[in-house]
1. What is the sum of charges around Thr301, taking Lys and Arg as +1, Asp and Glu as -1, for the other residues whose C-beta is under 12 Å from the C-beta of Thr301?
2. Quick query: amide H of Ala143 versus all other amide H atoms, modeled in the peptide plane; which residues come in under 5 Å with a sequence gap of 5 or more or a different chain?
3. What lysines could a cross-link reach from Lys315, if we take a straight Cα to Cα line under 27 Å and drop same-chain neighbours fewer than 8 places away?
4. Which one of Gly153, Pro182, Ile131 is farthest out on the positive end of the charge dipole of the stretch 113-182, using unit charges on Cβ (Lys, Arg +1; Asp, Glu -1) and the Cα centre as origin?
5. For Thr240 and Glu288, calculate 0.36 nm times their separation in residues minus their Cα-Cα distance, and state this gained length in nm to one decimal.
6. What nm value, rounded to one decimal, do you get for the distance between Ser85 and Val106 when each label is placed 7 Å out toward the C-beta?
7. Quote the charge dipole size of the stretch 243-295 about the Cα centre in Debye, to the nearest 20; the model charges only the Cβ of Lys and Arg (+1) and of Asp and Glu (-1).
8. How are the Cα pair distances of the stretch 253-302 distributed, in percent, across 5 Å bins from 0?
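The values are calculated or read from the model by the stated rules, or taken from the named source; none is laboratory data. Keep in mind that this is a model prediction, so the values were computed, not measured. Cβ placement follows ideal geometry from the backbone for every residue including glycine, while neighbour counts extend to all protein chains displayed. What goes into the accessible areas is simple: the full protein's heavy atoms, side chains included, and nothing from ligands, DNA or RNA. Shrake-Rupley method; radii C 1.70, N 1.55, O 1.52, S 1.80 Å.
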Amino acid sequence: MQRAKAVLSPAVRCSLLRFGVFSHHRTFSALPNYARNDDLQEQVLVEGRAKSRAAILNRPSDLNALTIPMVARLKRLYESWEENSDLGFVIMKGSGRALCSGGDVVALNQLINEGKVEECKRFFETLYKFIYLLGTYVKPNVAIVDGITMGGGAGISIPAMFRVVTDKTVFATPETQMGFHPDAGASFYLSRLPGYLGEYLALTGEKLNGVEMIACGLATHYSLTARLPLIEERLGKLITDDPSVIESSLEQYGDLVYPDKRSVLHKIETIDKCFCHDTVEEIINALENEASSSYDEWSATALKKLKEASPLSLKVTLRSIREGRFQPFDQCLAREYRISLVGITKRVSDDFCEGVRARLVDKDFAPKWDPPSLGEVTKDMVDCYFTRLDEFEPELELPTALREPYM
């Protein structure tokens, strides 16, 4: 089993636009300043074993949506566990019916509307640095991907050496429906899926189940949810830091599974034919041709998803996935950080806040995208998201000289 390697401006144009406008087997909030420390610790619980530790995301009523204190605590825990020579491996899991639904985007939207953008930036910086830590982690690490795992939730689990999915797993990157972009490392791992499956998942936000995650390489082991207590009991008894021993233990309770005939993975040739194109407009045209010639419900559903999404987000997302295919993990995170900051600072568009309002706040599901159509999204608008940040906006700094990603 492979181990992590570690040795322990266009800016003006952007402003004008706003006013003229792994592989290994291998989003958002700030709590009030008056929140008690023990309350914050309750959001990430710790289970201790003889040779391992488990971090438990513990906001079950919010599907374990990530907050700034949660991500900061996770980062501190994982750093301390890596340095602790008495520990052999670590585990991440969630309480309730989700591992993690992503970030608390409703709270993030509120912060933006209150003018607290710096707190939002801190969330993204902390999250991406934690994800880079996971992607360079020296010790074996296991993610129990049981239940809903979306957006940033996928970002904090996909880098794990071992990813155990179940019959209850639901994976998705639905950000384009929210006026955002698949981030938290998504442009790295989605771009490395078979064919153009990554483009399909990123643009439509469609879901995969646990069996499909195994089939396309997003997960390493499959188990029924009912067997998870047996797996955790077995892992808790291990006195090892040997990945092969951990892998053997997971395989003892695992199942060999194959996607059923209704799985989208059986449409990979059609996905490749439709999503291989260079522009979103060409992808939509290919889907329309496919729908008219085959009367396939899949094509109609994909078209509906694309037409509901933010036109600007679709174009930014397609470019991000395509660039991610040729970039290492750290560069993908750095690019996603730029894109995220442009989104939350509204330099080009208010689509993120509008998407959250329409889907999660007012729930009218009628977002007023800006621009409202693909034809009105200019190249300059898209370029703004990929421009290096100016001197007053530091780039994401990752310890690439000390920690080399193995993903």
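1. In short, 0.
2. For Ala143, the qualifying residues are Met92, Phe162, Arg163, Val164.
3. By straight Cα distance, Lys315 reaches Lys121, Lys129, Lys207, Lys267, Lys273, Lys304, Lys305, Lys307, Lys346, Lys363, Lys368, Lys379.
4. Toward the positive end, the furthest listed residue is Ile131.
5. Full extension of this stretch gives 11.9 nm more.
6. 4.8
7. 220
8. Going out from 0 Å in 5 Å bins, the stretch 253-302 shows 4, 20, 25, 20, 11, 8, 5, 4, 2, 0 percent.
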